[in-house]
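**Student:** Can you read through this structure? Questions will come right after.
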Amino acid sequence: MRWYGKKIAKAIWGSFCLFGATLFVEDFYQAVNHPEVYPFGAEGPVAGIWYYKTQELYLWFAIILVCWCAVGLLLCLLQHKFRYFKWGITVHCFLTLLYILIVNMDSIGFATQNAVK
C-alpha cells in the first residue's frame, strides 16, 4: 500500500509541474506576441512587482518558472532510477509552496502595510 501512495503522490506532483510548465510556456508566448495586453512599466496595478517593470524581465522570469517546473517533472520521472533524488520531490514541493505563500502574502492578509494602522 505504501508503494502505491508514493506513486500517486509523484503522479500528482508531476501533473502539477507539467500543468505549470504548460501554463508558463503559453504565458511566455502571449507576452512575446501580444505585449500590449500586459501592464509593463512602473505605473498601474502591478507597479510594485519587479518582473513587470519591463517585458524582458517578465520573459526571463517566465523562463525561470518553466525551468523550475521542468526540474520538478524530471524529479518525478527519474526518482526511481537515482537514489540521491530521494528527497528531491519533497524539497521541490516545499520550495514551490513556500514561494507561492510568499508571493501571495498580500492577498491572504499578511501585508505589513495593512497590518500597521
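The values are calculated or read from the model by the stated rules, or taken from the named source; none is laboratory data. Please read these numbers as outputs of a predicted model, since none were measured by experiment. Cβ atoms come from the backbone with ideal geometry, glycine included; neighbour counts cover every protein chain shown. Quick note on the areas: whole protein, heavy atoms, side chains included, nothing else; ligands and nucleic acids left out. Shrake-Rupley method; radii C 1.70, N 1.55, O 1.52, S 1.80 Å.
**Student:** Select, from Glu43, Glu56, the only residue that is open to solvent by 40 Å² or more (accessible area, probe 1.4 Å) and either assigned to a helix (DSSP H, G or I) or touching a strand residue (DSSP E or B) at 6+ places or on another chain (Cβ under 8 Å) (or both).
**Tutor:** From the options Glu43, Glu56, the qualifying one is Glu56.
**Student:** Among Val66, Val32, which is closer than 30 Å to Ala11 by Cα, touching a residue at least 24 places away in the same chain (Cβ under 8 Å) and surrounded by 11 or more Cβ atoms within 10 Å (Cβ to Cβ)?
**Tutor:** Only one candidate passes the filter, namely Val66.
**Student:** Restricting to region 1-24, count the residues that are in a helix (DSSP H, G or I) and loosely packed, with under 15 Cβ neighbours inside 10 Å.
**Tutor:** Counting residues in region 1-24 that are in a helix (DSSP H, G or I) and loosely packed, with under 15 Cβ neighbours inside 10 Å gives 14.
**Student:** Also, I was wondering about something else. Going through region 1-42 one residue at a time, which ones are among the β-branched types (Val, Ile, Thr) and farther than 23 Å from Thr96 by Cα?
**Tutor:** Within region 1-42, Val32, Val37 qualify.
**Student:** Could you list, in sequence order, the residues of region 73-108 that are closer than 21 Å to Tyr51 by Cα, of a type outside the set (A, V, I, L, M, F, W, C) and open to solvent by 70 Å² or more (accessible area, probe 1.4 Å)?
**Tutor:** Tyr99, Asp106, Ser107
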